[in-house]
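The values are calculated or read from the model by the stated rules, or taken from the named source; none is laboratory data. For clarity, every value in this text was computed on a predicted model and none was experimentally measured. Here the Cβ is made from the backbone with ideal geometry for all residues, glycine too, and neighbour counts use every protein chain on show. Only protein heavy atoms, including side chains, enter the accessible area calculation; ligands, DNA and RNA are left aside. Shrake-Rupley method; radii C 1.70, N 1.55, O 1.52, S 1.80 Å.
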Amino acid sequence: MRILMFGWEFPPHITGGLGTACYGLTKGLAKQDVEVIFVVPKAYGDEDQQAVRLVNASDVVFDIENKEHHEYWSKVKYMEIGSNIIPYVSPEDFSKVVEKDKKETETFTSNVFSKQYEFAGAYGTNLMEEVARYALIGSTIALKEDFDIIHAHDWLTYPAGVAAKESSGKPLVVHMHATEFDRTGENYNEIVYAMEKEGMEAADQVITVSNLTRNTVVNKYGIDPKKVVTVHNAIEQSLLKDIEEIKRNLKEKVVTFLGRITFQKGPEYFIEAAYKILQRDRNVRFVMAGSGDMLNKMIERVAALGIADRFHFTGFLKGAAVDKMFALSDVFVMPSVSEPFGLVPLEAMRINVPVVISKQSGVAEILQHALKVDFWDVEGLADAIYGLCHYDALSDTFKKYGKEEVENLKWDDAAIKVKDVYNDFMPA
Amino acid sequence: MRSICFYFQVHQPYRLRPYRFFDIGEKHDYYDDYNNQFIMQRVAEKCYLPMNQLLLDLIKEYGSAFKVSFSISGMALEQFQEYTPKVLSSFKKLAKTGNVEFLAETYAHSLSAMKDKEEFVSQVEMHTAKIEELFGQKPTTFRNTELIYSDEIGATVADMGYKVMLTEGAKHVLGWKSPNFMYANAINPNLKLLLKNYRLSDDIAFRFSEQGWAEWPLTTSKYVDWLNDIEPNEETVNLFMDYETFGEHQWENTGIFDFMKALPAKIFAETDFEFATPAELGEKLQPVSSISVPYPISWADEERDLTAWLGNDLQQEAFNKLYQLYEKIKDSNDPKIRKDWLYLQNSDHFYYMSTKWFSDGDVHKYFNPYSSPYDAFINYMNVLSDYIIRVEDGSSFDNLKEAASDLADKAGKYTKKQAKKVADKVKEINFDDIKEMSNAKVKQLLKEVDIEHIAVALKDAEKEVVEKVIPNMTKTAKKTYDDLQKELKKVKKTDIKKYRQAVEDKLKDIFG
């Protein structure tokens, strides 16, 4: 069985959970004897290609004059409309990207439809045009390669998936890692929404990463529930490292929020819960690690509540600093308003940090050893955090079984489910 | 004769280094030594040194007719001592002329007047002691951080014995009144007040190089005309400004130095003004009225209030959390805790957190190490959180003393133990150890010891010892030994002991 897979990123060049998930899934599929041709907009050459054959869309020569593509081109042309949709990047990167693009716009317009085009592979202002270009490459590749099924990850690659289906006539599976509603709340971008919807409608099967996402797909996109199946994400064990015990210089318990500081992640509920706890117990420190468009507002809120001596901000953390942050933490909190899956709590559990997660996260559907509260339930959140800080029996239990639980969330199992999906389309 | 009173504020903060959450509880060095030194040296080069020289030359030229006054914060003085001793000695030269008055202020250039009277008074005392030590004069005029003043602050300053205080001639306080008279504090009329003439001060300090200004370029003739326009009954024009105006805010190429160099001569020639220090004006002028300032004013921004330092939640929070420590700190003798306490009170830290400068431009940005007020807040709170831990864990100095005495104790014990060990080792080599010795060593021993002694010593000795010694004897020794055995059938225990001891001594001599 051979799969033509479209993804927007692949480790180590990732900005969010999408690339990590693709990596884990393809490795799992390889063990199930599924061959994967993985197309990325831009390949850097240092990707792990044990499980996949990576195709760099930037290397594919495509002739816009070719009549075969004209029909498809007329359909996707609306995507040229530039729009500042940047699903995963931090606001800092966003402004950098926008700045950079402003300078490059002129040369860009002529380039993107040339025969060969170097994709940025990032989430910038040229994104829509790159998505369109990527779709054209998709149809070209689909004609050249030999495969059984097409599998596209998230909306950026759906047009490519659809184009490949049209040019090859092969079945299409689209994979929903995050919906537009998860990224932006109710102020969604209509173009993105339409692309997601059309992609799912054109697909023969939709895979969602959680039942939460499945509900969104069914209720908000009107997709036939019969063709939507949930395959929960897993965690790529090899990407997890054991973190060395480090010396702790703070005698207080440390409760950590780590992620983008945006509406979706619910940072304000974390602050309100911190305030409630600090009124009763000063021997706790709270840390908000990350950056995002709500950071300044959150700093102001902490100052107004008068808890800045117990509530700390680290700014954006990466690499070793993230590990260190986990190692210093007694409790990890993910109060997301909307989280299709949510990988970070698993990373915390893996190194013996008990977690509190919102019921509005996909990962809550599969985890046993985590405290789950509604994101808006500040009292409940405070209670859960306080409990993990003070009742050792509880936190010890979570540490003991949490790690084990996470280590059993294997991509191998998810891959078997995905292969089952593929099998439905294979000739008997 | 009417007076012109020049007063210059000299201040540089100890800026904080980027201090991360991870440093809390671990690292206690808070200051950006590199940048502080760099900035101090740069300002010294561009402003302090050339301007001091210029003033010194003017004093040489005009003698007692030309006078100025300074307040130099404790932070600036410490950095002169640390980074630019040349600047300090040039200020000392100015002090020696007798034409320069040095004013009192809070040592840390702090906002302590807004929070704690006791702390405020103690900082002022600290500052005056430093001024006296460095410049040989005891200040009698007071100037609060950024000219911050209220009736209450004035009353405190009067209680401390100061005769004159400087503040802003804020429009909302003065109303129709002119700043060009002596005023008095509303609570204690013994404190005389000199008010800044902000128009004529800011013409030099802010507008001098502003090419969009209708009066640009500012010449001494124009400035002297404005002085002559002042009503004849008005007594003093108080020109208060940052000293960094000269060479830093207004660069050398704006002509600011030339302007200042030429100004006194022009004033002497064309006006009835002379130069006076605040203390002299305190002697000479009587207040025309008291002035009521129930809410604090400052010389900052359009509003002339405290919103640049304590205007938003971030600033209030940092300020309150800092001063909550006061009770715990006031009796601390730990020099490091005391030093950081001062440095962290510096008003600049709060200034950097101001969100006003989204609209209120350049002045706030000057020497500001942060890209946003939020960064400034986070960094300050991280530092403060570490400082709070140090304060609450008891003074680290006491801990240090304890640790030191512990260490001394341990070292003592260790030395004794080692000494004992060595002694034990010497003692430990005893007769029975022979059985463990190499044949070579036994042979060596036999060479050194009388065979008769050995023979006696071996009586009653352990079997293994005997078996070790005998095979190592030379033939002759063996013969002597064998012969002796017959004679030594009955030997006194004391003799055995004696010879055993003799052999042991020899052993220690050779191998100990």
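Annotations for the structure displayed:
- Scanning the stretch B:154-184 for residues that are over 29 Å from B:W226 (Cβ atoms) and open to solvent by less than 10 Å² (accessible area, probe 1.4 Å) yields B:G154, B:V157.
- For the stretch B:117-148, a residue qualifies if it is of a type in the set (D, E) and buried (at least 17 other Cβ atoms within 10 Å of the Cβ), and the qualifying residues are B:E119, B:E146.
- Among (1) touching a residue at least 40 places away in the same chain (Cβ under 8 Å); (2) open to solvent by 30 Å² or more (accessible area, probe 1.4 Å); (3) under 22 Å from A:F270 (Cα atoms) - the single one A:D412 does not satisfy: (3)
- Residue check for B:F22: touching a Leu at 6+ places or on another chain (Cβ under 8 Å), within 14 Å of chain A (Cβ to nearest Cβ) and at negative phi: yes
- Identity of the residue in the stretch B:294-328, under 22 Å from the mean Cα position of the chain (by Cα) and among the basic types (K, R), that ends up nearest to B:M165 (Cα to Cα): B:K321
- Per-region count, the stretch B:98-116, residues open to solvent by less than 20 Å² (accessible area, probe 1.4 Å), in a loop (DSSP other than H, G, I, E, B) and of a type outside the set (V, I, T): 7
- Of all residues in the stretch B:403-420, at least one satisfies being under 25 Å from A:E252 (Cα atoms), at pLDDT below 85, more than 14 Å from chain A (Cβ to nearest Cβ) and open to solvent by 10 Å² or more (accessible area, probe 1.4 Å).
- Of all residues in the stretch B:290-317 being of a type in the set (S, T, N, Q) and open to solvent by 40 Å² or more (accessible area, probe 1.4 Å), the one that is nearest to the other protein chains (Cβ to nearest Cβ): B:Q316
- Matching entry among A:K276, A:K318, A:K324 (being touching a residue at least 24 places away in the same chain (Cβ under 8 Å), basic (K, R) and more than 12 Å from chain B (Cβ to nearest Cβ)): A:K276
- In the stretch A:303-325, the qualifying residues are those that are within 20 Å of the chain's Cα centre (by Cα) and of a type outside the set (D, E, K, R), and the one that is most open to solvent (accessible area, probe 1.4 Å) is A:F316.
- With respect to the conditions (1) within 14 Å of chain A (Cβ to nearest Cβ); (2) in contact (Cβ under 8 Å) with a residue 40 or more places away in the chain; (3) open to solvent by 20 Å² or more (accessible area, probe 1.4 Å), B:Y370 lacks only one, and its number is (2).
- Pairing residues of the stretch A:387-399 that are farther than 21 Å from A:A274 by Cβ with residues that are surrounded by 13 or more Cβ atoms within 10 Å (Cβ to Cβ), at Cβ distances under 8 Å and at least 6 apart in sequence or on separate chains, gives A:T397/A:H369; A:K399/A:N352; A:K399/A:V353; A:K399/A:P354.
- Applying the condition of being in a loop (DSSP other than H, G, I, E, B) and more than 28 Å from A:R260 (Cβ to Cβ) to the stretch A:140-169 and asking which residue is least open to solvent (accessible area, probe 1.4 Å) yields A:F147.
- Here A:M288 fulfils each of the conditions (1) open to solvent by less than 30 Å² (accessible area, probe 1.4 Å); (2) part of a loop (DSSP other than H, G, I, E, B) apart from (2).
- Taking (1) open to solvent by 50 Å² or more (accessible area, probe 1.4 Å); (2) charged (D, E, K, R); (3) under 22 Å from B:K163 (Cβ atoms) in turn, B:E234 satisfies each apart from (1).
- Filter pass, A:S338 being crowded, with 19+ Cβ neighbours inside 10 Å and closer than 24 Å to A:Y391 by Cβ: no
- A:G342, sole failed condition from (1) touching a strand residue (DSSP E or B) at 6+ places or on another chain (Cβ under 7 Å); (2) within 14 Å of another protein chain (Cβ to nearest Cβ); (3) on the phi > 0 side of the Ramachandran plot: (2)
- When the stretch A:242-279 is filtered for residues that are among the aliphatic types (A, V, I, L, M) and in a helix (DSSP H, G or I), the ones remaining, listed by number, are A:I271, A:A273, A:A274, A:I277, A:L278.
- Qualifying residue in the stretch B:85-97 (condition: under 22 Å from B:E244 (Cα atoms), part of a helix (DSSP H, G or I), open to solvent by 10 Å² or more (accessible area, probe 1.4 Å) and in contact with a strand residue (DSSP E or B) (Cβ under 8 Å, 6 or more places away or on another chain)): yes
- Within the stretch A:292-315, the residues that satisfy the criterion of being in a loop (DSSP other than H, G, I, E, B), closer than 15 Å to A:F270 by Cβ and either in contact with a Gly (Cβ under 9 Å, 6 or more places away or on another chain) or within 7 Å of another protein chain (Cβ to nearest Cβ) (or both) are A:G292, A:A308.
- Selection of the stretch A:243-285 for residues being out of contact with any Pro (no Cβ under 8 Å at 6 or more places or on another chain), of a type in the set (K, R) and open to solvent by 20 Å² or more (accessible area, probe 1.4 Å) yields A:K247, A:R248, A:K251, A:K253, A:R260, A:K276, A:R280, A:R282.
- Filtered residues of the stretch B:318-339 (kept if free of Cβ contacts under 8 Å to residues at least 12 places away in the same chain and either within 21 Å of A:R301 (Cα to Cα) or within 14 Å of another protein chain (Cβ to nearest Cβ) (or both)): B:N320, B:Q324
- Summed over the stretch B:374-388, residues that are surrounded by 23 or more Cβ atoms within 10 Å (Cβ to Cβ), within 9 Å of another protein chain (Cβ to nearest Cβ) and more than 20 Å from the chain's Cα centre (by Cα) total 2.
- Residue selected from the stretch A:170-191 under the condition in contact (Cβ under 8 Å) with a residue 60 or more places away in the chain and more than 16 Å from the chain's Cα centre (by Cα), by the criterion least open to solvent (accessible area, probe 1.4 Å): A:V173
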